[in-house]
Each structure stands twice: as structure tokens, then as C-alpha cells.
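Notes for the one structure printed next.
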Amino acid sequence: MEQNMIYGRNSVLEGLRSKNITINFVYIQKESKKQMVGNIIKLAKDKHIPIKEVPRNKMEQLLGNVNHQGIAAEVSPYEYVEIDDIIKYANEKGEKPFILVLDGIQDPHNLGSMIRSAECSGVHGIVISKRHSVQVTPTVVKVSTGATAYVKIARVGNINQTIKELKEKGFWIYGAEANGETDFSDENYDTSVAMVIGAEGKGLSRLTSELCDIRLNIPMKGKVNSLNASVAAAILMFKVLEKRMMKK
């Protein structure tokens with residue numbers, strides 16, 4: 001499957017709405033119910049984007065065996081940003097920067113879910129690694145329900161070096177760890193925040209953990225002693241949002 005395809009009604013609709021994504025063509029499966037994609041067709045026509053009706057087998061050739069909901073779009077390659085772009089965006093909004101740093105996330109469903117939560121919780125941008133990490137793929141876009149159109153994502157060569165640079169810029173580095181010494185509810189998050197989430201099943205690497213100023217734990221009562229990475233990230237992101245909203 002080509003990496004410049006997005007699919008699913010929400011993903012394509014948000015792609016059309018976004019100023020950050022360039023859509024070249026919209027593909028609609030001929031067997032699709034037009035009333036289900038009517039708003040997409042109208043928006044594409046308003047923006048003078050060509051629409052191609054294709055049979056089911058053509059959609060499968062374009063996308064493979066995925067739940068495309070009868071709609072897809074060819075887009076220009078995803079444009080990553082620099083960390084300074086994220087900080088500038090926060091400053092322009094008059095807010096203290098809040099960045100999610102992902103240390104080796106491999107599952108596109110987890111990344112897509114985190115991007116969706118980040119967009120809803122006021123995160124200004126996400127940092128991922130160029131290596132040993134999933135990138136922004138069509139699956140990530142689909143799972144994010146189009147949130148990739150709005151969330152700034154920076155790719156870096158070395159996560160630990162990036163954390164050191166964020167410290168120099170005045171960020172307080174929080175790491176999520178099951179045995180972290182600080183309850184996540186006890187912090188105020190009233191400074192520039194970088195929230196670091198470790199890889200699925202592995203957590204933070206030793207050096208990354210040592211670089212964190214504070215290691216946060218999420219108290220749990222169940223017999224299962226760990227959370228899915230995207231669930232833990234969502235809990236932490238919305239706690240930062242809650243604490244910051246309380247100060248307004």
C-alpha cells in the first residue's frame with residue numbers, strides 16, 4: 001500500500017478540512033452509499049479536488065485489506081515539523097508548551113490513538129524517533145480519526161539528546177513508569193511540560209528514565225499491573241489539561 005493514501009470517512013473529511021494536508025485525488029467506491037459521503041464529495045468539489053469513482057477491486061488494489069469505508073484520498077507525504085515549530089505554536093497561543101515524547105512506540109494503533117488524545121487534550125506537539133518507532137502511516141491516520149491533520153509531529157534522530165535539549169529550553173521532563181516515585185495527580189504541570197511515554201511492553205529505557213526530572217505512576221487497583229501505552233498516555237495528557245484548566 002502506498003504511504004500517501006489515507007482512508008476512512010473521518011480521516012478523509014479532516015484531511016479536506018485541514019490546511020496542513022494537500023489532497024490530490026479523492027477515491028470513492030462505486031458501491032458506496034452516496035449519502036454517507038455526501039459532505040466529503042461537496043467539500044472536495046468546493047476545493048476543486050478531482051473525485052474518482054472506482055470499483056471495489058480497485059480500492060483493494062489501492063489500499064489492501066483494510067476497513068476503508070468506501071472512501072480514500074491520495075495525499076502529499078506527511079510533513080513533519082521541527083521542535084521549535086511546536087514551541088512557537090504554543091507561544092502563539094499564549095500557553096506553556098506541552099509536548100508528548102514517545103520513546104520507541106511500535107504499534108500504529110497506539111500512535112494513532114495517542115495523536116487523537118493529544119489533539120483533544122491540548123498537546124502542542126508530539127516527538128517521535130526516526131528509527132525504532134512507527135511513523136505516520138495510513139493506519140495511524142485512520143486510527144487518529146483525522147487528528148494527524150491538526151497535531152504537529154517532529155521526528156528526531158535521538159530521543160535522549162532531544163530530552164536534554166528540551167531541558168535546556170526550560171522544560172520539565174516527566175516520565176511514565178509503573179514504579180515511578182510520584183503520583184501523577186500530585187503534580188501541577190504549570191511549567192513547560194514534556195511527557196515521555198515508553199515502548200509497549202518495555203517502558204522507558206534506562207537512560208531515558210534517568211534523564212526524566214520526575215517519574216510518574218498511575219495508581220491502580222486491579223490484578224493487571226500495567227496499562228496499554230496509549231491508555232496511560234491519555235490519562236496523563238488529560239490530567240495535565242485538567243490541572244492547567246483549574247488555574248484559569
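Run down 210, 200, 177 and say which single residue is acidic (Asp, Glu), at pLDDT below 95 and over 17 Å from residue 109 (Cβ atoms).
177
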Unique residue being within 20 Å of the chain's Cα centre (by Cα) and at pLDDT below 90 when the list is 227, 241: 227
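Can you tell which of 175, 146 is in contact with a Leu (Cβ under 6 Å, 6 or more places away or on another chain) and either crowded, with 18+ Cβ neighbours inside 10 Å or not assigned by TED's automatic domain parsing to the domain that holds residue 205 (or both)? Please lay out each step first, then the result.
Working: 146 fails: in contact with a Leu (Cβ under 6 Å, 6 or more places away or on another chain).
So the residue among 175, 146 that is in contact with a Leu (Cβ under 6 Å, 6 or more places away or on another chain) and either crowded, with 18+ Cβ neighbours inside 10 Å or not assigned by TED's automatic domain parsing to the domain that holds residue 205 (or both) is 175.
Kindly establish whether residue 109 is over 26 Å from residue 247 (Cβ atoms) and in a helix (DSSP H, G or I).
Details: over 26 Å from residue 247 (Cβ atoms): yes; in a helix (DSSP H, G or I): yes.
Against the criterion (over 26 Å from residue 247 (Cβ atoms) and in a helix (DSSP H, G or I)), residue 109 qualifies.
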Enumerated strands (runs of 3 or more DSSP E) restricted to the stretch 136-248, each holding at least 3 residues that are of a type in the set (A, V, I, L, M): 153-156, 193-198
Options 74, 53: the member that is in a strand (DSSP E or B), of a type in the set (Asp, Glu) and within 16 Å of residue 15 (Cβ to Cβ): 74
Among the residues listed as 96, 88, the single one being among the basic types (Lys, Arg), assigned by TED's automatic domain parsing to the domain that holds residue 174 and part of a loop (DSSP other than H, G, I, E, B): 96
Residues of the stretch 103-116 satisfying the condition of being within 15 Å of residue 196 (Cα to Cα) and surrounded by 22 or more Cβ atoms within 10 Å (Cβ to Cβ): 103, 105, 110, 111, 114, 115
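Taking the residues in the stretch 123-147 that are among the hydroxyl-bearing types (Ser, Thr, Tyr) and modelled with pLDDT of 90 or more as candidates, determine which candidate is nearest to residue 233 (Cα to Cα).
Per the stated criteria, the residue is 144.
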Positions within the stretch 211-234 being crowded, with 16+ Cβ neighbours inside 10 Å and aliphatic (A, V, I, L, M), in sequence order: 211, 216, 218, 227, 229, 232, 233, 234
Odd one out for residue 94, checked against (1) within 20 Å of the chain's Cα centre (by Cα); (2) surrounded by fewer than 20 Cβ atoms within 10 Å (Cβ to Cβ); (3) at pLDDT 90 or above: (1)
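The values are calculated or read from the model by the stated rules, or taken from the named source; none is laboratory data. Values in this document were obtained by computation on a predicted structure and should not be read as measured data. For neighbour counting, all protein chains shown are included, and Cβ atoms are generated from backbone atoms with ideal geometry for every residue, glycine included.
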